[in-house]
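Input: a single structure, listed below in structure tokens.
The values are calculated or read from the model by the stated rules, or taken from the named source; none is laboratory data. Quick caveat, the model's predicted, so the values are computed rather than measured. Cβ sites come from the backbone with ideal geometry, for glycine too, and all protein chains shown count toward neighbours.
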Amino acid sequence: MRLFPRVNRKNRSQRLTPRILYFFLGIALSWGFAPSFAEGRDLIRVLILRDVSLVKVSAEGLNLFDMKTGQSLFKNRKFTSHLFERDSGARVRLRGQNLLAPGFLAESAGSHFRINGRTYRDYLRILPGPNRDLWVINILPLEEYLVGLINSEISSQWPMEAIKAQVIAARTYAFYQRTNRAGELYDVDSGVSDQVYGGTGKEDARSRKAVEETRGEMIFYQGSPIFSVYSACCGGKTESGEYMWTGFFPYLRGAECVFCLDSPHFVWNYSIDGEGLASALGGGGVSGSRVLGLEIGDRSPSRRVLAVSIQSETGRQIIPGKDFRRLLGYDQLRSTNFIVKENGGFFHFSGLGWGHGVGFCQWGAKGMAEAGADYRTILKSYYHGVEIGKNRR
Ligand SMILES: [Zn+2]
């Protein structure tokens, strides 16, 4: 059931009361003092834009509210574009309308919103961010979010059992983070740090079929939805959760994976010179203008690098392997399962897999599905000791 049912123009006035109620609940949550709005209504709050000073939002049928007071500012039925910009203080300005607010809530009453060439459904919050920037948060039903997510995370042309496994992992992850971040402004980021979501433009029939045929199904460990992390390709062995995150995740246990061998991401290479390396590592506080040498420290049981010793002209520093990867870039150093050789001032990395390697292996799921496994078997092979079922809470 939709929280914000589409309102026919005929009965708009009759439906106003619950809409306003939901709206105020939304405001309360955004200010951090009403934790159950998103959870109770099965909506998800997705951070789709940050680090911008202005954003253009277009839609046919856009209703705009002051997010703090709840005041309806205007309703447009025609196609209109609006430019929101960060005020010099902690507010957002709507250019051309002389409207200033601590934040705006936009409702798409007609077509989807268009932002930067992408389309988004239902609701947007446009807020001042912490770095004198703007944040745009899309609020939409969790199940619709999953339909749009598939073609950003994998491909809907993959075998249906692999798509269903991905849907359930993503649904469980979203549910877990929504609970975990109930007091924060958003539930999930739309980038690789959480789950990649690019709006409604990538929705298609196969993604929707996978979502509908697994509706409500999640992954449970001892009755609770799990922290169902995943990565593109584990490189032959998944990593245990304790090497990536602080906490106790008994279901995130490293295991062999023979199904991602055919992945185009199974083996990778990357080269960078000593100056470039120093520049990248400088963002993490590593001193020096040129790296002279690297030494690999301990490795986890899955052979992932836990520590890197960096020699520059100013001395030697040791940093965790996962920080080393983050500083070089997740698309450059594709995993921490690597070896490195120095030659003529260049560092040549060779590695296995793409991503942190913990939990579900996307390319492995594809391989398992092609070998005839169903989605339950796939998920249970990557998450230890779990059950797949409908959420009964
Ligand atoms: Zn794998």
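The conditions are (1) assigned by TED's automatic domain parsing to the domain that holds ALA165; (2) over 29 Å from ILE168 (Cβ atoms), and GLN362 fails exactly one of them. Which is it? Single failed check for GLN362: (2).
Restricting the first member to region 161-175 and to residues that are under 15 Å from PHE220 (Cα atoms), and the second to residues that are of a type in the set (Phe, Trp, Tyr), the beta-carbon pairs closer than 6 Å and six or more apart or on different chains are ALA165/TYR375; ALA169/TYR230; ALA169/PHE360.
Filter region 305-314 for residues that are surrounded by 19 or more Cβ atoms within 10 Å (Cβ to Cβ) and either under 19 Å from GLU275 (Cα atoms) or modelled with pLDDT under 95 (or both) and give the result.
Here is the first cut: in region 305-314, the ones surrounded by 19 or more Cβ atoms within 10 Å (Cβ to Cβ) are 305, 308, 310, 312.
Once the filter is applied, which keeps residues that are surrounded by 19 or more Cβ atoms within 10 Å (Cβ to Cβ) and either under 19 Å from GLU275 (Cα atoms) or modelled with pLDDT under 95 (or both), region 305-314 yields VAL308, ILE310, SER312.
A single entry from ALA365, ALA369 fulfils the requirement of being closer than 15 Å to CYS260 by Cα and either more than 10 Å from the ligand (Cβ to nearest atom) or in contact with a Gly (Cβ under 7 Å, 6 or more places away or on another chain) (or both): ALA369. Going by the conditions given, is SER207 in contact with a helix residue (DSSP H, G or I) (Cβ under 7 Å, 6 or more places away or on another chain), at pLDDT 95 or above and among the small types (Gly, Ala, Ser)? Judged against the criteria, SER207 is a match. Candidates SER231, SER224, SER240: the one that is within 16 Å of the ligand (Cβ to nearest atom) and surrounded by fewer than 24 Cβ atoms within 10 Å (Cβ to Cβ) is SER240.
When GLN317 is tested against (1) crowded, with 16+ Cβ neighbours inside 10 Å; (2) within 30 Å of ALA371 (Cα to Cα); (3) more than 16 Å from the ligand (Cβ to nearest atom); (4) not assigned by TED's automatic domain parsing to the domain that holds PHE220, only condition (2) is not met.
Of the residues making up region 325-335, at least one is surrounded by 14 or more Cβ atoms within 10 Å (Cβ to Cβ) and within 16 Å of the ligand (Cβ to nearest atom).
Going residue by residue through region 114-121, is there one that turns out to be at negative phi and buried (at least 24 other Cβ atoms within 10 Å of the Cβ)?
Step one: list which residues in region 114-121 are at negative phi, which gives 114-115, 118-121.
Subsequent filtering for residues that are buried (at least 24 other Cβ atoms within 10 Å of the Cβ) retains 120.
Yes - at least one qualifying residue is present in region 114-121.
Restricting to region 197-253, count the residues that are in a helix (DSSP H, G or I) and either in contact with a Cys (Cβ under 9 Å, 6 or more places away or on another chain) or closer than 13 Å to ILE163 by Cα (or both).
9
Quick check on region 201-213. Is at least one of its residues assigned by TED's automatic domain parsing to the domain that holds ALA373 and more than 18 Å from LEU146 (Cβ to Cβ)? Taking every residue of region 201-213 in turn, none turns out to be assigned by TED's automatic domain parsing to the domain that holds ALA373 and more than 18 Å from LEU146 (Cβ to Cβ).
Taking the criterion of being away from the ligand (no atom under 16 Å from the Cβ) and within 22 Å of ALA365 (Cα to Cα), would at least one residue in region 258-280 satisfy it? No, there is no match, as no residue in region 258-280 is away from the ligand (no atom under 16 Å from the Cβ) and within 22 Å of ALA365 (Cα to Cα).
Highlighted here are the strands (runs of 3 or more DSSP E) found entirely within region 57-147 that include at least 3 residues which are in contact with a Ser or Thr (Cβ under 7 Å, 6 or more places away or on another chain): 72-86. If only residues of region 243-253 that are of a type outside the set (Phe, Trp, Tyr) and touching a residue at least 60 places away in the same chain (Cβ under 8 Å) are counted, the one that is farthest from the ligand (Cβ to nearest atom) is PRO250.
When ALA371 is tested against the conditions (1) of a type in the set (A, V, I, L, M, F, W, C); (2) surrounded by 24 or more Cβ atoms within 10 Å (Cβ to Cβ); (3) under 17 Å from ALA162 (Cα atoms), the lone failure is (2).
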